[in-house]
């Protein structure tokens, strides 16, 4: 499913990478431990996290993730946003919790 | 297909700003060479975790990568505190990371186990208060 469709359905706010929302989302992964996400996320996953610092961009880039959703009203750090724009990683934000985003995404993709 | 490439990268300890830059560069370089995606995934994890280890613990480190038609060899040498108990360091969940590192989502004791899982051969040696050496071998299966 296209990331744009998910963003619309879950009412996610786009912080960067608007031009990349045509990407196909294969599934989701929830994690705040970067090594866990490195080890277990899959290509095309939408990564749901509360980490907002710039190191999330390299992880998403290395694992070819479709994008990053920051939960519970978290905003990306300025340098994270800069890096994500440069690397072509969409960052979206929501007031929802990880549980709620994962649940809605799972329903949407099933 | 014939792969031939080698390069060294210097990583500064404590520099979380550039964490992942070398791994991303290596991944893109190998991708352009036509290395299969499953191999790319393993190299990306191994180099990323090595990079994070140097940044988290060492003063300075060098990542050397060599790609041949048969395999990929990654050597990591750092100058730093070294590892007192290698057996413990290789155990999943064990970490000596401080609070600052953990807050960023690192230091969960998964780094070295992740590297081992991605390696066909793995060697870790260390000298306390001198540094740590890692040798990672990943076979390329092109048939």
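Okay, here's what the table says:
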| read-out | value |
| --- | --- |
| Given (1) under 14 Å from residue A:63 (Cα atoms); (2) touching a residue at least 60 places away in the same chain (Cβ under 8 Å); (3) within 13 Å of chain A (Cβ to nearest Cβ), number of the condition residue B:28 does not satisfy | (2) |
| Test result for residue B:73, outside any loop (DSSP other than H, G, I, E, B), surrounded by 19 or more Cβ atoms within 10 Å (Cβ to Cβ) and on the phi < 0 side of the Ramachandran plot | no |
| Any hit, the range B:130-143, residues being farther than 29 Å from residue B:38 by Cβ, more than 14 Å from chain A (Cβ to nearest Cβ) and at pLDDT 95 or above | yes |
| Scope the range B:104-116; condition at the interface with chain A (Cβ under 7 Å from one of its Cβ atoms) and either closer than 24 Å to residue B:38 by Cβ or not in a loop (DSSP other than H, G, I, E, B) (or both); matching residues | B:110, B:111, B:114 |
| Residues of the range B:1-25 satisfying the condition of being closer than 15 Å to residue B:136 by Cβ and facing chain A (nearest Cβ under 10 Å) | B:22, B:23 |
| Any hit, the range B:114-128, residues being farther than 18 Å from residue B:27 by Cβ and more than 17 Å from the chain's Cα centre (by Cα) | yes |
| Any hit, the range A:74-84, residues being touching a residue at least 24 places away in the same chain (Cβ under 8 Å) and either at the interface with chain B (Cβ under 10 Å from one of its Cβ atoms) or more than 26 Å from residue B:101 (Cα to Cα) (or both) | yes |
| Residue within the range B:88-102 that is in contact (Cβ under 8 Å) with a residue 12 or more places away in the chain and closer than 28 Å to residue B:6 by Cβ present | yes |
| Filter result (more than 14 Å from residue A:91 (Cα to Cα) and touching a residue at least 40 places away in the same chain (Cβ under 8 Å)) within the range A:29-61 | A:30 |
| Among residues of the range A:31-72, those that are more than 12 Å from chain B (Cβ to nearest Cβ) and out of contact with any strand residue (DSSP E or B) (no Cβ under 8 Å at 6 or more places or on another chain), counted | 1 |
| Among residues of the range B:40-60, those that are within 18 Å of residue B:97 (Cβ to Cβ), surrounded by 24 or more Cβ atoms within 10 Å (Cβ to Cβ) and in contact with a strand residue (DSSP E or B) (Cβ under 7 Å, 6 or more places away or on another chain), counted | 3 |
| Condition met for residue A:74 (farther than 18 Å from residue A:24 by Cα and either at pLDDT below 95 or over 12 Å from the mean Cα position of the chain (by Cα) (or both)) | yes |
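The values are calculated or read from the model by the stated rules, or taken from the named source; none is laboratory data. These numbers come from a predicted model, not from an experiment. With ideal geometry, Cβ positions are generated from the backbone for all residues, glycine too; neighbour counts draw on all protein chains shown.
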